[in-house]
Structure formats: structure tokens, C-alpha cells
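*Asks:* Mind looking over this structure? Questions follow.
No lab work stands behind these numbers, since they all come straight from the coordinates. Nothing here was measured: the structure is a model prediction, and the numbers come from that model. Here Cβ is always computed from backbone atoms with ideal geometry, including for glycine, and neighbour counts include all displayed protein chains.
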Amino acid sequence: MSDTESRDNDDAPEIPVETGKATIVYEHPEEGKKEVTVSNEQVVYAQDHWAFMSGTDEEGNDLVRRVPRDRVHYVERNVQKFEEEVRTVRHRVESLANEVRQKLPVNASGGGGESEQTQSEPHRIEVEDDDATTER
């Protein structure tokens with residue numbers, strides 16, 4: 001995915017988003033110290049590894065390289081561009097949440113139509129013990 005590739009959104013017009021660049025410097029076991037620069041959205045830290053897009057295979061599938069954190073010297077990111085992307089995503093999520101609230105109204109007491117007070121009392125059910133009258 002390129003830096004300026006747009007996201008799919010049914011309601012909004014397609015707008016290219018520039019997320020900036022990230023540079024990761026790490027120790028490759030065979031090639032020594034390597035420096036790779038990719039789009040910010042292509043670098044993630046998860047499960048004690050830095051992962052980033054490293055190209056494509058012969059069939060056009062994306063390849064992801066995972067580097068253990070102790071082999072990474074540093075990661076530099078263009079934070080301003082990254083923060084702008086986060087704000088855009090946050091705005092989209094908040095808009096979606098507002099739409100859901102409008103379509104599916106939920107009352108403040110937790111839904112269900114009954115108040116908290118009527119639900120606090122247990123509902124008792126009388127059970128008859130008929131062991132003496134049971135025949136087999």
C-alpha cells in the first residue's frame with residue numbers, strides 16, 4: 001500500500017492520506033546493520049517484535065519482516081504526519097459511533113427498559129418437594 005493510497009469508506013469521498021515515513025535500523029543476522037524506510041502505517045510493534053512491509057513475493061503477496069526488539073537499534077517516525085492520521089481515524093470512529101447511537105438508541109441505565117431499582121430485588125420461585133409422591 002502506498003503512502004497516499006486512499007481508504008474505502010462508503011459515505012465519505014476518497015481522500016489520499018499521507019502518514020509520513022518511518023525508518024527502522026536493525027541488525028540482520030547475515031547482512032549486518034540494515035536501515036529500511038517505509039510508510040508509518042507499514043510499521044507496527046507487537047509481541048516484542050517490530051514488523052514492517054518488506055516487499056512482495058513472486059505472486060504479488062505482501063511480505064512482512066518481523067525483527068525481535070533486541071535486534072532493533074532505533075525506529076524514527078515522522079510523528080506529525082502519524083498524529084494527523086490518528087486524528088483522522090479517531091474522527092471516523094467517533095462519527096461511526098454517533099451513527100450507531102442514533103440508529104440503536106440505548107438508555108443510560110444499561111438498556112432493557114427496566115430500571116436498576118426493579119432489577120435489584122431477586123425473583124423468588126417456589127419449588128415443591130415431591131420426592132415422596134414420585135413413582136417409577
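*Asks:* Equivalent ellipsoid semi-axes for segment 21-103, as square roots of 5 times the alpha carbon gyration tensor eigenvalues: give them largest first, rounded to whole Å. Walk me through the numbers before you get to the answer.
*Replies:* On the way: eigenvalues 201, 49, 27 Å².
Over the Cα atoms of segment 21-103, the semi-axes work out to 32, 16, 12 Å.
*Asks:* Right, another one. At 0.36 nm per residue, and after removing the present C-alpha to C-alpha distance, how many nm does the segment from residue 99 to residue 30 gain when stretched out fully?
*Replies:* Working: separation 69, 0.36 × 69 = 24.84 nm, distance 5.20 nm.
Separation in residues times 0.36 nm, less the Cα-Cα distance, equals 19.6 nm.
*Asks:* Which order results if 125, 24 are arranged by neighbouring Cβ count within 10 Å, fewest first?
*Replies:* Details: 125 5, 24 22.
So the ranking, lowest neighbour count to highest, is 125, 24.
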